[in-house]
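The values are calculated or read from the model by the stated rules, or taken from the named source; none is laboratory data. Predicted, not measured: the structure shown is a model, and the values here were computed from it. Please note: Cβ atoms are built from the backbone with ideal geometry, for glycine as well, and neighbour counts cover all protein chains shown.
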Amino acid sequence: MDYKKERALFVEQKRGFASRVGFIFSMAAFCVGIGNLWKFPYMVGNNGGGAFLLIYLILVVLVGIPGFIIEVTLGRSSQLSPVRAMAKLEGKKKTPWSVIGWLGVIAIFIIVSYATMIVGGWTGGYIWKIATGAMKGLSAEEIGATFGSFSGSPVSLIFAAIEALLLWLCLNSGIKKGVEKVCSFLLPALLAIMIVLSVYSNTLPGAFEGLKWYLIPDFSKVTLSSVAAAACQVFFSIGIGMCCTFVYGSYSMQSKDMPQSLTLTALLDTLVAVLAGILVVPALFAFGIEPTSGPSLIFITLPQLFNSMGSFGTVFGLLYMVCVFFAGFTSILGGSEALVAVICDGNSRWSRRRAATLVVVGQFIFGIVFTMSFGTGAISKISILGLGLFDFADFIASLCMCLGTIFMLAYVIFRWGFKKFQDEVNGETRSRIRIYNWMKGYICYVYPVVLIAVFYSIMRMYF
């Protein structure tokens, strides 16, 4: 197929997802990432349990959903990826507002690059290790040493390469047959496995203590820093400012009921995060293992739990790692699709296959650099501004996400105005979930302050 025909096919595929359910599942699958599984449970338990959950749900409404709606609406209105979209909305070939798109491109490229290694290299490798019994009988120290040596090793690259190949195949299949179909299968599968494991986890002797630690409100542990942490978690979990939701918005038809669909998406993302804690925390308490967060939870703490479970530990461990892989892969798929769209929208001579190849290979190469900065990796000693290479890249991505969201809000306030934004969001919706006139005060005056506070909190996380 020549590039003109493939370009025409790409444009045809862009006109919309096959169904509203497919749109919601694809968007939610992007939002549901490994952060929901390795960070959220620990944050809830350590910051007041049910009290933190309540604050988090309020912030989903106040911080997450408004930014979500703004980004998707800009994409839907332009029917283009963010770099070209802002120029189209301005009616110019070039505009300073295109920085919104470039910030999103930088953020998502960094994130999917290191996620490729975490999901493909580490998680894929651990699925193999658990299946073959390589982790059985190891002490906590030995498991930690295993992770330290494996995380920065060339062996992990083999599993990352397998994941990259699967990603390339999905991207080449297009929107409806690739992204939408894969997400519409993997997200329900993820939820089904998590529900089954949660039921088992909470039937273990001693599990109830963990459930209480996770869910019972303790407002004495709620501080200003824990509220800031919750706001940041909402921001990252929903994926605002990462370019992907903008692109998915451009794939949505103008007649879609956007506010309701995006609210359901945010709730699905939150459901997975809450369910992750209900699955993990009670099981850890049942076997007397201290909960942790981050990579150490999945790759060091949980393997101890699997070993403590005896013969069923292998099944439990395999299913849980499959959940981690599903959650991570769908996020990577969404982010990579956004990059493919940016390339194809920006250059009509680029075929989808060529763009997908560039994106996957580029992510893999940068992922190798990130892998080598972990554990015993060759460049693990390199630091920039006092941060390791991985943390510095994460900081840059976080900075771009937050600034991009602030600029999108500025565009809505100063270029569109609230009335045009309201009309663009509501469209033909008949749902009660919509933008009302009384929301103008929050969107135009309060939300900017909230985003600046989130930006400040993100900076404090690193410095």
* From 236, 219, grab the single residue that is over 11 Å from the mean Cα position of the chain (by Cα) and either among the aromatic types (Phe, Trp, Tyr) or surrounded by fewer than 19 Cβ atoms within 10 Å (Cβ to Cβ) (or both). => 219
* To do: Considering (1) touching a Ser or Thr at 6+ places or on another chain (Cβ under 6 Å); (2) modelled with pLDDT of 80 or more; (3) not in a helix (DSSP H, G or I), say which one residue 428 fails and leave the rest.
  => (2)
* **Conditions (1) in contact (Cβ under 8 Å) with a residue 12 or more places away in the chain; (2) surrounded by fewer than 19 Cβ atoms within 10 Å (Cβ to Cβ); (3) not in a helix (DSSP H, G or I); number of the one not met by residue 381** => (1)
* Asked: On the given criteria, is residue 272 under 29 Å from residue 462 (Cα atoms) and among the β-branched types (Val, Ile, Thr)?
  -> yes
* Structure fact -> Exactly one of 339, 389, 409, 403 is free of Cβ contacts under 8 Å to residues at least 24 places away in the same chain and of a type outside the set (S, T, N, Q), and that one is 389
* Structure fact -> Of the residues in segment 1-60, those that are outside any helix (DSSP H, G or I), within 30 Å of residue 342 (Cα to Cα) and at pLDDT 80 or above number 2
* Scan of segment 395-406 for residues that are surrounded by fewer than 19 Cβ atoms within 10 Å (Cβ to Cβ) and not β-branched (Val, Ile, Thr), ordered by number -> 399, 403
* Asked: Does any residue in segment 306-318 that is within 11 Å of residue 289 (Cβ to Cβ) come within less than 6 Å, Cβ to Cβ, of a residue that is part of a loop (DSSP other than H, G, I, E, B) six or more places away or on a different chain, and which pairs are these?
  -> 308/287
* Among the helices (runs of 4 or more DSSP H) confined wholly to segment 258-365, which include 1 or more residues that are among the small types (Gly, Ala, Ser) and buried (at least 17 other Cβ atoms within 10 Å of the Cβ)? -> 258-286, 312-346
* With the checklist (1) in contact with a strand residue (DSSP E or B) (Cβ under 8 Å, 6 or more places away or on another chain); (2) modelled with pLDDT of 90 or more in hand, flag the one item residue 337 doesn't pass. => (1)
* Candidates 63, 99 - the one that is among the β-branched types (Val, Ile, Thr) and over 23 Å from residue 442 (Cα atoms) -> 99
* **Lone qualifier among 150, 159 - being part of a helix (DSSP H, G or I), of a type in the set (Phe, Trp, Tyr) and modelled with pLDDT under 85** => 150
* To do: Tally the residues that are assigned to a helix (DSSP H, G or I), among the small types (Gly, Ala, Ser) and more than 21 Å from the chain's Cα centre (by Cα), restricting the search to segment 162-200.
  => 1
* Structure fact -> For segment 107-133, the count of residues that are more than 26 Å from the chain's Cα centre (by Cα) and either buried (at least 18 other Cβ atoms within 10 Å of the Cβ) or free of Cβ contacts under 8 Å to residues at least 12 places away in the same chain (or both) equals 1
